[in-house]
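Q: Okay, handing you the structure first.
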Amino acid sequence: MQSIMLPNGGQIKFEERLAKRGQFTHFSFRLPMAMVHVSHSGEVVISIELSAITAPASSLTPQQRRIARSIEELWRGKQQCLTLQGPLTEFATSVWQALGTINPGRTISYTHLAELAGNPKAARAVARVMSQNCYALVLPCHRVVGKSGALTGYRWGEEIKAALIEFEQYQLA
């Protein structure tokens, strides 16, 4: 099983066995700036998606409450362990590992992230890895911005990206 160690002592593990589509369970919970939609199979998280707040959060089972708490605490920079569905390429692992070193409320450029990942000329490849992230908050690609500091593309919309960064800067940093 692949894993990424986070500077706060937390850990993200990647389960290599793929869950079958019919075995997924879904739930949603609310953060101050977005709804979080989670698909999971047992303790293995399949995806974490974000959307604008439009509906009430779903009623959660004890297992779903544990997963939601782990997601929120990892996002807030607290020590936690969570298992996601993998596997990852060696390059993606180095990018996610480097991304995990960025504290809440901080941002860096794709170029700087490529340098941290050990491949300084791979900014475009880093952007591609970011665009394929289906684990919002846990793999915090919202903390990566353009070289000029501009909010560049975000799978769940630039408004949510801006709100996440602003929340982190004023509430978590």
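The values are calculated or read from the model by the stated rules, or taken from the named source; none is laboratory data. Note that the structure is a prediction, hence the values are computed from the model and not measured. Glycine gets a Cβ as well: all are built from the backbone with ideal geometry, and neighbour counts include every protein chain shown. Accessible surface is based on the protein model in full, side chains and every heavy atom, while ligands, DNA and RNA are left aside. Shrake-Rupley method; radii C 1.70, N 1.55, O 1.52, S 1.80 Å.
Q: Which residues, taken from segment 99-116, are open to solvent by less than 30 Å² (accessible area, probe 1.4 Å) and either at pLDDT below 95 or in a strand (DSSP E or B) (or both)?
A: Those that are open to solvent by less than 30 Å² (accessible area, probe 1.4 Å) and either at pLDDT below 95 or in a strand (DSSP E or B) (or both): LEU99, GLY100, ILE102, PRO104, GLY105, ILE108, SER109.
Q: Go through segment 56-76 and give me each residue that's open to solvent by less than 30 Å² (accessible area, probe 1.4 Å) and either modelled with pLDDT of 90 or more or of a type in the set (Gly, Ala, Ser) (or both).
A: Of everything in segment 56-76, those that are open to solvent by less than 30 Å² (accessible area, probe 1.4 Å) and either modelled with pLDDT of 90 or more or of a type in the set (Gly, Ala, Ser) (or both) turn out to be GLN64, ILE67, ALA68, SER70, ILE71.
Q: Also, quick follow-up: Could you list all residues from segment 151-161 that are touching a helix residue (DSSP H, G or I) at 6+ places or on another chain (Cβ under 9 Å), without any contact (Cβ under 8 Å) to a residue 60 or more places away in the chain and not in a loop (DSSP other than H, G, I, E, B)?
A: Of everything in segment 151-161, just one residue is touching a helix residue (DSSP H, G or I) at 6+ places or on another chain (Cβ under 9 Å), without any contact (Cβ under 8 Å) to a residue 60 or more places away in the chain and not in a loop (DSSP other than H, G, I, E, B), namely LYS161.
Q: Please work out if GLY146 is over 24 Å from GLU43 (Cβ atoms), in contact with a helix residue (DSSP H, G or I) (Cβ under 9 Å, 6 or more places away or on another chain) and surrounded by fewer than 19 Cβ atoms within 10 Å (Cβ to Cβ).
A: When the stated conditions are applied, GLY146 passes them.
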